Amino acid sequence: MKRMAADSAAPPGVIHAPGSWRLIRSAGRRFAVLYALMFGVSSCLLAVSLWYSTIGLVQRQVENAIHSDDLALTALAQPPDGNLAEVAEAIATRLMTPADTGGIYLLVDGANKRVAGNLDSWPQGLTQMNVWYQLPVTRNGAASVALLRAEALPDGARLIVGRDVRVRAQLWRVLRNGLIWTGFLMVGLGVVGAIVIRSIFRRMVRDISITSRAIAKGDLSRRLPLGVGEEFDELAVIINDMLDRISRLMDGVRQVSNAIAHDLRTPVTRARARLEDAALHAESKEDMQAAIERAIQDLDGIVGVFEALLRIAEIEAGSRRAAFAPIDLTQTLWDMDELYRAVAEERGLHLRAVINAPLPIFGDRELVQQAVANLLDNALKFSTPGMTIDLSARLEDDVVQIVVADRGPGIAPADRRRATERFFRAEAARSTAGSGLGLALVSAVAQLHNGTLQLFDNNPGLRAVICLPSRE
Amino acid sequence: MRILVVEDDKDVAGFVVKGLREAGHTVEHADNGRDGLFLAASENFDAIILDRMLPGGIDGLRLMETLRAQDNATPVLFLSALGQVDDRVKGLKAGGDDYLTKPFAFAELLARVEALTRRGKTDGPMTRLTVGDLEMDLLSRSVRRGDQKIELQPREFRLLEYLMRHAGQVVTRTMLLEGVWDYHFDPQTNVIDVHVSRLRQKIDKPFELPLLHTVRNAGYMLRAEEV
């Protein structure tokens with residue numbers, strides 16, 4: 001008890017997230033914020049890539065068109081074959097095309113006089129040759145915006161080739177507005193999504209927390225509901241298993257404390273009575289000595305019961321599993337046979353051992369030894385001279401089966417199920433020595449190894465079968 | 001023998017100290033870990049009986065570890081109410097030589113402490129054990145008494161070897177179970193008595209002077225003289 005208190009005083013293992021993350025205490029809110037962030041970032045990325053791919057593409061297409069047009073027209077002006085008239089003619093042809101491709105041209109000669117084109121005058125601000133300009137222009141009398149490029153021709157003439165980009169500017173505006181609205185929509189969607197996620201999360205956790213709270217208040221019969229979702233079900237199954245184990249342990253504790261209250265009272269009473277009787281009535285030193293010795297024996301018996309109880313509790317708590325190792329029981333069982341054979345022969349009994357190697361298990365050798373020893377102790381106790389006790393072991397269907405069978409009075413079918421309870425003693429066994437803990441320990445050892453202890457009728461006698469899963 | 005008892009419970013300590021003195025040993029007693037460590041580190045003892053849970057800031061395990069860290073190899077027997085297998089293993093791992101769980105019989109404690117000090121002395125490998133006219137050759141694994149050869153089963157040989165290594169000392173049933181069979185629990189059946197009596201049949205029965213004696217309420221002792 002003292003040690004348990006010390007353990008629980010240790011600081012609870014709380015894991016703190018660093019920084020501002022800690023400010024958001026609710027896990028649901030964290031998931032919601034995370035969701036909104038992810039949603040926002042991916043929407044922004046989408047918008048940016050849409051923007052650049054659309055606008056960029058249009059711009060590049062316009063520039064390519066202007067550039068190739070420019071090259072073609074410039075070529076016409078090159079001597080010896082070319083002259084300005086041919087360029088002017090080509091421009092006129094282009095401007096005559098019925099569909100308005102938005103083409104903008106202006107050809108001026110060395111005297112700065114307009115020769116051809118649809119611009120009324122040289123645009124202000126266009127000063128350098130071979131550079132892209134985006135300028136407001138007046139085309140056929142209407143104001144517009146154009147992407148322009150000027151080129152020097154022989155004899156001081158100059159050529160402007162361009163495209164009307166008013167349409168592109170409109171597209172730009174439409175796209176911008178669309179993206180802004182989409183942005184608002186996405187913020188809205190993100191917030192709604194976050195709220196939805198948070199409420200789903202809360203609903204999933206709510207059942208678990210309601211049940212857990214009831215359990216914490218002492219209602220150990222409650223179990224977490226399943227069917228919320230795979231991950232939560234997995235958690236619920238684990239918690240439920242844990243609760244099953246806790247309630248089994250608590251039952252065990254309750255059972256043991258009851259048993260201690262009832263069954264240990266008897267030997268304590270006996271020892272006490274003997275001592276008191278000696279104190280009051282002993283006539284000689286020898287009487288006193290004898291009484292004290294008997295009382296010490298009684299106390300040793302009580303200590304033995306305590307040790308057996310603690311041992312069973314230790315086994316049932318499962319802490320011994322940490323010491324499990326792959327072992328083979330063959331030699332262990334032959335050693336037990338050797339240890340008990342001498343006693344059996346001494347008592348006129350016949351111990352028959354059939355131990356078939358190999359007997360590989362994953363477990364604790366000492367505990368299996370003790371379990372088999374308890375069964376052999378019982379078999380010896382309930383046998384009378386001339387009887388046979390069988391100890392056999394074999395590996396069958398991945399199960400190591402250890403059988404101890406005697407020819408004694410056995411256990412009545414009605415009592416067999418209760419025989420592994422602590423302190424249970426069958427009617428036939430009441431007159432013999434023992435604490436009623438032997439089979440409880442065997443059963444606990446079997447269960448610790450994920451095995452079983454089964455009791456059968458040996459016609460007559462008892463046939464105790466320990467089944468332990470083999471490690472292979 | 002000089003023995004240090006570190007135990008805080010007055011009654012238990014008084015009982016142990018008195019018993020050890022009656023058995024002819026010199027005993028020092030400390031009732032807390034600090035004094036115990038001071039005594040153990042500053043004086044020479046043949047054995048230390050050490051309680052696991054002690055007042056004074058230093059518990060049995062710490063005391064033990066501190067001693068061993070100072071290269072002090074005095075045999076230590078842990079005496080403890082912590083009787084689980086883990087506790088025993090922890091105590092032995094920390095450098096303890098033996099572990100006895102409370103409550104205990106004084107005979108058991110005495111036998112174990114005396115066995116401890118014996119263990120400390122015989123470090124060299126022995127090839128031959130002798131008690132009276134009983135001789136054991138550990139190399140050829142043969143046993144003779146007088147001029148007569150005695151045939152023993154392997155387990156009987158180990159049992160006799162254990163008894164001969166602790167000749168002149170009381171050996172308890174639990175010590176035999178642990179030392180010869182490596183069993184760390186007490187069977188309800190008197191298995192040890194039967195095996196000892198079989199051994200006695202072989203080494204004592206045909207001879208005049210019995211060597212293997214039963215010590216009442218304690219165990220057995222192998223010695224040449226009468227007890």
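The values are calculated or read from the model by the stated rules, or taken from the named source; none is laboratory data. Values in this document were obtained by computation on a predicted structure and should not be read as measured data. Neighbour counts run over all protein chains shown; Cβ positions are idealised from the backbone, glycine included. Side chains included, ligands, DNA and RNA excluded: accessible areas come from the protein's heavy atoms. Shrake-Rupley method; radii C 1.70, N 1.55, O 1.52, S 1.80 Å.
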(request) Can you work out which of the residues in region A:336-350 that are touching a residue at least 24 places away in the same chain (Cβ under 8 Å) and not aliphatic (A, V, I, L, M) is farthest from the other protein chains (Cβ to nearest Cβ)? (result) A:His350
(request) Quick one: in region A:326-335, of everything that is more than 9 Å from chain B (Cβ to nearest Cβ) and assigned to a helix (DSSP H, G or I), which residue is farthest from B:Leu100 (Cα to Cα)? (result) A:Thr330
(request) Answer with yes or no whether A:Arg265 is assigned to a helix (DSSP H, G or I) and either surrounded by 13 or more Cβ atoms within 10 Å (Cβ to Cβ) or touching a Cys at 6+ places or on another chain (Cβ under 8 Å) (or both). (result) no
(request) Have a look at A:Arg223, A:Arg245, A:Arg206 and point out the one that is open to solvent by 80 Å² or more (accessible area, probe 1.4 Å), within 30 Å of A:Phe31 (Cβ to Cβ) and modelled with pLDDT of 80 or more. (result) A:Arg206
(message) Six or more apart or on different chains, Cβ atoms under 9 Å: show the pairs whose first residue is in region B:15-26 and farther than 12 Å from B:Leu110 by Cβ and in the same structural domain as B:Lys102 (by TED's automatic domain parsing) and whose second is part of a helix (DSSP H, G or I) and not basic (Lys, Arg).
(response) B:Thr26/B:Leu20
(message) Among the residues that make up region A:313-325, is at least one of them closer than 30 Å to B:Gln201 by Cβ, modelled with pLDDT under 85 and within 10 Å of another protein chain (Cβ to nearest Cβ)?
(response) no
(request) Would you check if there is a residue in region A:404-414 being within 14 Å of another protein chain (Cβ to nearest Cβ) and closer than 30 Å to A:Ala322 by Cβ? (result) yes
(request) Mind checking which helices (runs of 4 or more DSSP H) fall wholly inside region B:10-109 and carry at least 2 residues that are open to solvent by 40 Å² or more (accessible area, probe 1.4 Å) and closer than 30 Å to B:Phe185 by Cα? (result) B:10-22, B:60-69, B:85-93
(request) Report yes if A:Gln255 is open to solvent by 80 Å² or more (accessible area, probe 1.4 Å), over 21 Å from the mean Cα position of the chain (by Cα) and of a type in the set (S, T, N, Q), otherwise no. (result) no
(message) I need the full set of residues from region A:59-81 which are touching a residue at least 24 places away in the same chain (Cβ under 8 Å) and touching a helix residue (DSSP H, G or I) at 6+ places or on another chain (Cβ under 9 Å), in order please.
(response) A:Gln59, A:Val62, A:Asp69, A:Leu73, A:Thr74, A:Ala77, A:Gln78, A:Pro79
(message) For region A:351-372, check the following and say yes or no: at least one residue is at the interface with chain B (Cβ under 10 Å from one of its Cβ atoms) and more than 43 Å from the chain's Cα centre (by Cα).
(response) no
(message) Within region A:383-403, does at least one residue satisfy the condition of being within 9 Å of chain B (Cβ to nearest Cβ), under 23 Å from B:Thr189 (Cα atoms) and not basic (Lys, Arg)?
(response) no
(request) Would you list the helices (runs of 4 or more DSSP H) that sit entirely within region A:363-472 and hold 2 or more residues that are open to solvent by 30 Å² or more (accessible area, probe 1.4 Å) and either out of contact with any Leu (no Cβ under 9 Å at 6 or more places or on another chain) or in contact (Cβ under 8 Å) with a residue 40 or more places away in the chain (or both)? (result) A:365-381, A:413-416
(request) Tell me, yes or no, whether region B:63-75 has at least one residue that is modelled with pLDDT of 85 or more and under 28 Å from A:Ile312 (Cα atoms). (result) no
